[in-house]
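The values are calculated or read from the model by the stated rules, or taken from the named source; none is laboratory data. Because the structure is predicted, anything quoted here is derived from the model rather than measured. Glycine gets a Cβ as well: all are built from the backbone with ideal geometry, and neighbour counts include every protein chain shown.
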Amino acid sequence: MIQIQENVSLKPFNTFGIDVYSRYFCVIRSEEELQHLLTLNLFKSNDRLFLGGGSNVLFTKDFAGLIIRNEISGIQVVEENDDRISIKVSAGEAWHSLVMHCVENNWGGIENLSLIPGTVGAAPIQNIGAYGVEIKDVIENVEAIDLQSGVKKVFTNHECCFGYRESIFKNELKEKFFISSITLSLTKKNHLLNINYGAIKDVLEQSTSREVTIKTISDAVIKIRRSKLPDPTMIGNAGSFFKNPTITQEALKRIQNIDASIPYYATENQNVKIPAGWLIEQCGWKGKRINNVGVHQHQALVLVNYGEGKGKDIYDLANNISASVKAKYDIALSTEVNVI
């Protein structure tokens with residue numbers, strides 16, 4: 001039975017630790033509870049926001065509508081043979097717990113995505129990725145429920161329109177569907193081990209284990225992320241706040257005339273991707289603190305709340321960072337985090 005609470009603090013439910021309040025709040029633990037919620041006038045007549053781990057959201061003010069916390073759980077095998085396995089995972093599962101479950105069972109494909117915060121349902125929305133792997137590489141389909149009709153639709157990988165930190169659920173279908181589960185296709189042997197990123201190579205070379213496995217890759221990624229990214233339970237943050245911008249070859253040449261050391265990576269359509277953290281650092285923001293908010297000292301992509309910061313303070317900081325990057329390099333930064 002769904003319980004609707006009123007005037008609930010959202011501080012425990014967002015990793016920035018922003019203390020704002022929601023007019024209404026509820027938790028759903030099954031698709032049946034969601035279907036019931038869709039029939040309520042409270043749901044139909046208010047603004048609403050679904051929350052998973054709260055690791056990709058910045059609240060700048062109280063929320064006047066209904067917050068729905070997704071706690072639908074479950075992992076089941078759909079199909080398997082000697083080489084591959086397909087698993088259906090409910091949207092409320094913690095992403096990192098899923099990765100650990102797969103690594104323990106020697107199912108390969110998402111080990112490079114270890115320690116990414118948030119829930120499974122959020123993963124396809126922004127096509128989460130790290131260290132050369134994106135969730136689109138292993139998704140077979142996404143099951144989602146139409147928030148108006150209550151009808152479930154299965155989206156194929158192609159229909160999800162995945163891009164860099166993008167999907168159809170972040171654009172055309174934003175706030176129109178609730179993702180209830182995803183199905184992943186993973187390897188059981190002959191894993192495609194992705195160690196192309198230098199940081200992973202370096203950690204593996206320092207390891208006492210000579211064999212490269214999905215477990216050693218996962219361990220390496222966890223070690224790297226923990227060395228660079230602050231623990232949200234210790235200091236409020238939402239991981240990478242900005243996307244890495246993609247620019248043309250012509251724009252790259254222009255910037256190289258300003259700074260020849262600019263790092264870049266080739267992408268599709270002969271464009272290049274620039275690390276946003278490098279741009280921010282070159283503009284002098286790394287480690288800078290303004291009252292109760294700031295930029296993390298080890299990773300310029302991460303904005304932090306030192307304890308009593310307001311969401312608006314972090315948002316203003318982000319805008320100032322973007323403005324300085326635009327002024328120096330004529331590159332527009334866009335956010336990974338959803339600002340509410």
**Asked** Restricting the search to the range 112-145, which residues are in contact with a Gly (Cβ under 8 Å, 6 or more places away or on another chain), closer than 19 Å to ASP231 by Cα and either assigned to a loop (DSSP other than H, G, I, E, B) or of a type outside the set (S, T, N, Q) (or both)?
**Response** LEU113, ILE116, PRO117, GLY118, ILE128
**Asked** Of all strands (runs of 3 or more DSSP E) completely enclosed by the range 53-93, which ones contain at least 3 residues that are crowded, with 16+ Cβ neighbours inside 10 Å?
**Response** 63-70, 84-90
**Request:** Please determine, by comparing only the residues of the range 306-327 that are free of Cβ contacts under 8 Å to residues at least 40 places away in the same chain and aliphatic (A, V, I, L, M), which one is farthest from PHE241 (Cα to Cα).
**Result:** ALA327
**Message:** If I ask for residues that are of a type in the set (A, V, I, L, M) and closer than 23 Å to THR15 by Cα, which ones from the range 204-231 would you list?
**Reply:** VAL221, ILE222, ILE224, LEU229
**Request:** Check whether at least one residue in the range 165-176 is touching a helix residue (DSSP H, G or I) at 6+ places or on another chain (Cβ under 6 Å), modelled with pLDDT under 85 and under 20 Å from GLY109 (Cα atoms), and report yes or no.
**Result:** no
**Message:** If TYR164 satisfies all but one of (1) closer than 27 Å to PHE43 by Cβ; (2) among the aromatic types (Phe, Trp, Tyr); (3) touching a Ser or Thr at 6+ places or on another chain (Cβ under 9 Å), what's the number of the condition it fails?
**Reply:** (1)
**Asked** Where residues in the range 33-76 are among the basic types (Lys, Arg) and in contact with a strand residue (DSSP E or B) (Cβ under 7 Å, 6 or more places away or on another chain), which of them is nearest to PHE16 (Cα to Cα)?
**Response** ARG69
**Request:** Provide a single number: the residues in the range 137-162 that are of a type in the set (Val, Ile, Thr) and surrounded by 15 or more Cβ atoms within 10 Å (Cβ to Cβ).
**Result:** 4
**Considering residues of the range 169-210 that are under 20 Å from ASN70 (Cα atoms) and outside any strand (DSSP E or B) only, the residue farthest from the chain's Cα centre (by Cα)** = LYS176
**Check on GLU175, touching a Ser or Thr at 6+ places or on another chain (Cβ under 6 Å) and in the same structural domain as PRO124 (by TED's automatic domain parsing)** = no
**Asked** So GLY287 clears everything in (1) at pLDDT below 90; (2) surrounded by fewer than 19 Cβ atoms within 10 Å (Cβ to Cβ); (3) out of contact with any Pro (no Cβ under 7 Å at 6 or more places or on another chain); (4) not basic (Lys, Arg) except one condition, right? Which one?
**Response** (1)
**Message:** Can you confirm whether GLU111 is buried (at least 20 other Cβ atoms within 10 Å of the Cβ) and in the same structural domain as LYS174 (by TED's automatic domain parsing)?
**Reply:** yes
**Message:** With the requirement that a residue be over 25 Å from the mean Cα position of the chain (by Cα) and surrounded by 11 or more Cβ atoms within 10 Å (Cβ to Cβ), what does the range 255-272 give you?
**Reply:** ILE255, GLN256, ILE258, ASP259, ILE262
**Request:** For SER218, indicate whether it is of a type in the set (Gly, Ala, Ser), within 30 Å of VAL77 (Cβ to Cβ), assigned to a helix (DSSP H, G or I) and not assigned by TED's automatic domain parsing to the domain that holds THR15.
**Result:** yes
**Item:** Of all residues making up the range 94-110, the number that are in a loop (DSSP other than H, G, I, E, B) and of a type in the set (A, V, I, L, M, F, W, C)
**Value:** 2
